[in-house]
Amino acid sequence: PPEAEEEEAEVGWQEKLFSQFEVDLYLNESACQTPLDWQYHEEIRKLEKAGGRKNCRIFTYTDHDRFTNLEELCQKVTDMDDEVPSYLVERMVNVRRRRQDRRPVEATTLKSKIITWEPSEEFIKNNHVINTPVQTMYIMGDLGPYGKLGHREYENVLCTIKVDGNGVITVKPDFTGTKGPYRIELDGEKREVWEYTIENASAQVQPEEEEREQRVFRDLYGRHRDYLSGLVGSDFEMPLPGTLRLFVNGEIVSAQGYEYDNLYVHFFVELPNQWSSSPSQPLSGVTQTCATKKVGWDNVAYFCYPFTLDMFYAQEDEDSLPQWPVLYFEVLSLDFWQRYRVEGYGSLVLPASPGVHKLTIPTWRPVELGTVAEMRRFFIGGSPELEDLTYIRIPLTFKGKRLSRFGFRTETTGRVTFQLYCLQQSKAFLENNALRQRMQSVLDRLGGFSQQSSVYNVLEAFQRARRRMQEARESLPQDLINTSASSV
């Protein structure tokens, strides 16, 4: 038309607004076959006697209309234009998702037949997929040329409203709000563009009703919280004051990049001073033997081996920072001929911060120069190995000033991936903010212990620098020190 055409309609839930096509169809008695068709025929006749329908382009399809049933069957799984329905999609088309009359099964009733050997079609439709019954409604728009309304090819879905059995309302697309109107561009010769908005016209809830609803929700949530608390209970094992409990659920995920196949990992945890564990807690373990498979350029063995560690730290010195337990491990291989080889050694310090940690640790193995050692490793197995695995790092039993590894030859091998879920428990975490701000002890700072390792390294470097300065000062002549002090 010469001027811009606008239309506004207020639609209620499952309210039927007829389109021009439906008016022309249902006025013809020969086209009415079902009881719903005759009902629409009577309603349209009453509308015509009352002066015709008020809506022009905006109309609706309710949950009982044919369009709603066909729309569910014609929905695509992907956005490809040339999509071909798969076998599963064709089978699932017949499964009705709306208005399923599923009879509740009594929990106390014992089924006589656990397996149904000859299920019927109705049994398959009701039991193949567990769905929530949904009612659907479509708000449509007849976007045909001006004066040529009533053609099915110009019908477009403006809004889809669904309500499931749990009372959840889904509006797609969402209410417009401040996002601006939605646009529909037609594919005709004129390339017409229509804009429309969707607003929530429901009556606002009164403050008294809203407060009553909030009270009901609070009461419901309170009863549910009490029910969950009753299931969990309050009898928790708390560590003693001044102690920290470290609980680790770990997993050896995979190992990759090794020379030979059929790998397994042997590991153990070394507890530093002031750390302990219960006698029933195993601090070592061996994974299963796992064959590798080709992933990219590497041969990867997926262990997925779980282990659990439960340790306690008892603080003795207020000024000392705790050293964290170390996990030592070695990767070995064992082939069909029982040839045993060491593939690599490695270690990791258990994370000081709680949470999930995924760590990939590189490994190395000792080597012996010469072709004889390599031939022995290839033909009969066996290779140089560590008598004490703590030699991977500086052992806790080492008391000297220098640990020399001169002449110890190694080569880099593969790497092992660990997944660690760390939890920390201490009564110091329950203290209030004032006590936590005063930081009277190290345990008071363990709540934010993610920076512990870096702080420990800085303090250790400071102590080393201080010792070097004292040693240099002691090595100077005494008269030079006195002269410099008097001049200052």
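May I ask you to verify whether L271 is touching a helix residue (DSSP H, G or I) at 6+ places or on another chain (Cβ under 7 Å) and on the phi < 0 side of the Ramachandran plot?
Considered against the rule, which asks whether it is touching a helix residue (DSSP H, G or I) at 6+ places or on another chain (Cβ under 7 Å) and on the phi < 0 side of the Ramachandran plot, L271 comes out as no.
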Looking at region 396-416, which of its residues are under 30 Å from C290 (Cα atoms) and open to solvent by less than 50 Å² (accessible area, probe 1.4 Å)?
T413, G414, V416
Given (1) of a type outside the set (D, E); (2) open to solvent by less than 60 Å² (accessible area, probe 1.4 Å); (3) outside the structural domain of F67 (by the TED database), index of the condition V157 fails
(3)
Can you find, within region 203-235, the residue that is most open to solvent (accessible area, probe 1.4 Å) among those that are in a helix (DSSP H, G or I) and among the acidic types (D, E)?
E208
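Look through region 287-305, keep the residues that are of a type outside the set (S, T, Y) and either modelled with pLDDT of 95 or more or buried (at least 19 other Cβ atoms within 10 Å of the Cβ) (or both), and return whichever of them is nearest to V248 (Cα to Cα). So that I can check it myself, show each step before the final result.
So in region 287-305, the residues of a type outside the set (S, T, Y) come out as 288, 290-291, 293-301, 303-304.
Cutting the leftovers down to either modelled with pLDDT of 95 or more or buried (at least 19 other Cβ atoms within 10 Å of the Cβ) (or both) gives us 290, 299-301, 303.
Numbers: C290: 24, N299: 28, V300: 25, A301: 23, F303: 18 Å.
Once the filter is applied, the top-ranked residue is F303.
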Within region 61-69, is there a residue that is hydrophobic (A, V, I, L, M, F, W, C) and either modelled with pLDDT under 85 or assigned by the TED database to the domain that holds V134 (or both)?
yes
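Quick one: which of E199, E192 is of a type in the set (D, E) and open to solvent by 80 Å² or more (accessible area, probe 1.4 Å)?
Values: E192 fails: open to solvent by 80 Å² or more (accessible area, probe 1.4 Å).
From the options E199, E192, the qualifying one is E199.
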For the subset of region 327-345 comprising residues that are among the charged types (D, E, K, R) and more than 34 Å from the chain's Cα centre (by Cα), which member is farthest from Y260 (Cα to Cα)?
R339
So, E343, is that one open to solvent by 70 Å² or more (accessible area, probe 1.4 Å), of a type in the set (D, E, K, R) and modelled with pLDDT under 95 or not?
no
Filter region 25-52 down to the residues that are of a type in the set (D, E, K, R) and farther than 16 Å from F67 by Cβ, then identify the one that is most open to solvent (accessible area, probe 1.4 Å).
K49
Which residues, taken from region 396-414, are within 28 Å of G257 (Cβ to Cβ), modelled with pLDDT under 85 and of a type in the set (D, E, K, R)?
R405
Any chance you could count how many residues in region 265-321 are in a strand (DSSP E or B) and either among the hydrophobic types (A, V, I, L, M, F, W, C) or in contact (Cβ under 8 Å) with a residue 12 or more places away in the chain (or both)?
31
Got at least one residue in region 142-149 being surrounded by 10 or more Cβ atoms within 10 Å (Cβ to Cβ) and either under 35 Å from the mean Cα position of the chain (by Cα) or at positive phi (or both)?
no
Tell me which residues, restricted to region 346-377, are at negative phi, more than 36 Å from the chain's Cα centre (by Cα) and loosely packed, with under 13 Cβ neighbours inside 10 Å.
E368, L369, T371, V372, M375
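Determine if region 237-247 includes at least one residue that is out of contact with any strand residue (DSSP E or B) (no Cβ under 6 Å at 6 or more places or on another chain) and either of a type in the set (D, E) or surrounded by 19 or more Cβ atoms within 10 Å (Cβ to Cβ) (or both). Give the derivation first.
Pass one, region 237-247, residues out of contact with any strand residue (DSSP E or B) (no Cβ under 6 Å at 6 or more places or on another chain): 237-238, 240-242.
In the following step, the residues that additionally are either of a type in the set (D, E) or surrounded by 19 or more Cβ atoms within 10 Å (Cβ to Cβ) (or both) were identified as 237.
Yes; the residues of region 237-247 include at least one that is out of contact with any strand residue (DSSP E or B) (no Cβ under 6 Å at 6 or more places or on another chain) and either of a type in the set (D, E) or surrounded by 19 or more Cβ atoms within 10 Å (Cβ to Cβ) (or both).
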Just to be sure, is V269 at pLDDT 90 or above, open to solvent by less than 60 Å² (accessible area, probe 1.4 Å), among the aliphatic types (A, V, I, L, M) and over 26 Å from E374 (Cα atoms)?
yes
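The values are calculated or read from the model by the stated rules, or taken from the named source; none is laboratory data. These numbers were taken from a predicted model, which means no experiment stands behind them. Note that we place each Cβ from the backbone using ideal geometry, even for glycine, and neighbour counts take in every protein chain shown. Heavy atoms of the whole protein, side chains included, go into the accessibility calculation; ligands, DNA and RNA do not. Shrake-Rupley method; radii C 1.70, N 1.55, O 1.52, S 1.80 Å.
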